[in-house]
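The structure appears below as structure tokens.
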Amino acid sequence: MSETESLMWVEKYRPQRLEDIVNQEASVGRLIQMAKKPQDMPHLLFAGPPGTGKTTAALCAARVILGDYWRDFTLDLNASDERGIDTVRQRVKTFARYVDRRVDVPFRIIILDEADEMTSAAQTALRRVIEDSSRICRFILIANYSSGIIEPIQSRCAVFHFSRLGLEDVAGRLEEICKTEGVKVGREALEAIFELTGGDMRHALNLLQAVAMGGEVTADGVRKAIGLSGKARVKEVVTRALEGDFSGSRSGLVELISVYGMPEKDFLKYSSEELLNLGLPSVGEVAEVLAKYDYRLAVGARAEVQLAALLAELGRIGREMGFKAEAVKTRAATAKKQ
Ligand SMILES: Nc1ncnc2c1ncn2[C@@H]1O[C@H](COP(=O)(O)OP(=O)(O)OP(=O)(O)O)[C@@H](O)[C@H]1O
Ligand SMILES: [Mg+2]
């Protein structure tokens, strides 16, 4: 671990043992069982939202299965960084060929992160790579959505689903860390962090660490650190979309998701709340559009593309009804006075 990494709480407090992973009982339980009889272990596919323990679980599994020399026998690749399937193939080949007779390990492990970022052509080629190296290597593929992995690969893997963490899991873990670090934190602050990070532990830890620099973590400090609350930002994004400013609203969307780590589903949830509260004349049509995108996200379509399409549709609806943000504000203000 580099010095900067050890200063980051996400790395400092990354669980080292499968047993220390919070919440993912079903997946972790199965993994612990598998690790007891590694000879029978198939390739694995870990799927789930960001910051829920997929990479951590892969590293912990490598550690128990391969023992002390796990680092030497584990290859960690990021499918979206490695340029193309040819690089992946080359690196796997070199790794599988590398001979080390010091220890007796059942196989080598190749962790391929963000495997769903690979095109289906690249995945088809990957399938061959997996087959060719199966005698010596086991793959752990990691993806946000298992539906992003082609069927022939899925069918060769045992699939593990990771779910978003709940309030108590996140709050409990953060509280423990604050205790170790000697930082004061209250229940309200923990709830605020959870609300703003929606079950993404990496994001929660980063936010906690940013606020904890002052020695005390308060709900107010949390909200200040993240700027306006996520919900207020969503409102701005959908209002811009309705006004026809597609590129402005889309960059707001990207910022919310990538910089603030808002889960795509939450963006849709907050958008629904905001849109249905605006008192638009075409509220029925808006509800139908929201339902359509909710379904598409649920079946695993690429979320950022779908949400951008939602913003474009809102632009059309806004244009058709001559949407003006000012009019909405005035209407809301009058309603409040009455
Ligand atoms: N279930 C968990 N229990 C304890 N800590 C966790 C858990 N999930 C995530 N973390 C913390 O968050 C950090 C990031 O987790 P990890 O890298 O495993 O996420 P991931 O699921 O691989 O996310 P991504 O899809 O973004 O790669 C870890 O270093 C760890 O500190
Ligand atoms: Mg990961």
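The values are calculated or read from the model by the stated rules, or taken from the named source; none is laboratory data. Here the structure is a predicted model, which is why all the values come from computation and not from measurement. So basically every Cβ, Gly included, is an ideal-geometry build from the backbone, and we count neighbours across all protein chains shown. To get the accessible areas, we keep the full protein, side chains included, count just its heavy atoms, and leave off ligands, DNA and RNA. Shrake-Rupley method; radii C 1.70, N 1.55, O 1.52, S 1.80 Å.
What number, in percent, do you get for the relative contact order of the chain if the mean sequence gap of Cα pairs under 8 Å and at least 6 apart is divided by its residue count?
16
Averaging sequence separations of C-alpha pairs under 8 Å and six or more residues apart, then dividing by the length of segment 258-314, give the relative contact order as a whole percent.
That works out to 36 percent.
Net charge around Glu216, counting only other residues with Cβ within less than 15 Å of its Cβ (Lys, Arg = +1; Asp, Glu = -1)?
Details: positive: Lys179, Lys184, Arg187, Arg223, Lys224; negative: Glu175, Glu181, Glu188, Asp220.
My count for the surroundings of Glu216 gives +1.
Going by average Cβ density within 10 Å per residue, which order do the peptides 140-151, 308-319 take, highest to lowest?
Peptide ranking by packing, descending: 140-151, 308-319.
Quick one: which residues, 5+ away or cross-chain, put their amide H under 5 Å from the amide H of Ile140? H built at 1.01 Å from N.
So Ile140 has HN proximity to Leu44, Ile110, Ile111, Leu112.
Too long at a 32 Å Cα-Cα cut-off: which of Lys224/Lys324; Lys36/Lys265; Lys54/Lys269; Lys54/Lys179; Lys36/Lys184?
From the list (Lys224/Lys324; Lys36/Lys265; Lys54/Lys269; Lys54/Lys179; Lys36/Lys184), the Cα-Cα distance tops 32 Å for Lys36/Lys265; Lys36/Lys184.
Under 14 Å from the Cα of Lys231, which aspartates and glutamates turn up, not counting those fewer than eight places away in the same chain?
Glu195, Glu255, Glu264, Asp266, Glu273, Glu274
Mind computing the radius of gyration and Dmax over the alpha-carbon atoms of segment 167-225? Å is fine for both.
9.6, 25
Given labels modelled 7 Å from the Cα in the Cβ direction, how far is it in nm from Lys292 to Glu304?
If labels sit at Lys292 and Glu304, their model points lie 2.3 nm apart.
FRET efficiency for Glu273 and Arg128, Cβ-Cβ distance as r, R0 = 51 Å, nearest 0.05? Mind showing how you got there, number by number?
Numbers: r = 47 Å, r/R0 = 0.92.
The computed FRET efficiency comes out at 0.60.
In whole percent, how big is the carbon plus sulfur part of the accessible area of the chain, probe 1.4 Å, protein atoms only?
That share works out to 51 percent.
Provide the per residue accessible area, probe 1.4 Å, for the chain, rounded to a whole number of square angstrom. Present the calculation step by step, with values, prior to reporting the outcome.
Values: 17380 Å² over 338 residues.
Each residue of the chain exposes 51 Å² on average to a 1.4 Å probe.
Please work out how much length the chain gains when fully extended from Tyr69 to Ala26, using 0.36 nm per residue of separation minus the C-alpha to C-alpha distance, in nm with one decimal.
Value of the extension gain: 12.7 nm.
Can I get the semi-axes of the chain's equivalent ellipsoid? Compute them from the C-alpha gyration tensor as square roots of 5 times the eigenvalues, in angstrom, largest first. Intermediate values should be presented prior to the final figure.
Working: eigenvalues 344, 138, 47 Å².
Those come to 41, 26, 15 Å.
Could you please report the charge total around Glu288, scoring K, R as +1 and D, E as -1 over all other residues with beta-carbon less than 11 angstrom from its beta-carbon?
Residues close to Glu288 contribute a combined charge of -2.
Take the Cα gyration tensor of segment 3-161, multiply each eigenvalue by 5, square-root it, and list the three semi-axes largest first, rounded to whole angstrom.
22, 19, 17
Ordered by residue, what ³J(HN,Hα) values in Hz, to whole numbers, does segment 18-30 give under the Karplus form 6.51 cos²θ - 1.76 cosθ + 1.60, where θ = phi - 60° and Gly and Pro are x?
Computed from phi, the couplings for segment 18-30 are 3, 4, 8, 6, 7, 6, 7, 3, 4, 5, 5, x, 5 Hz.
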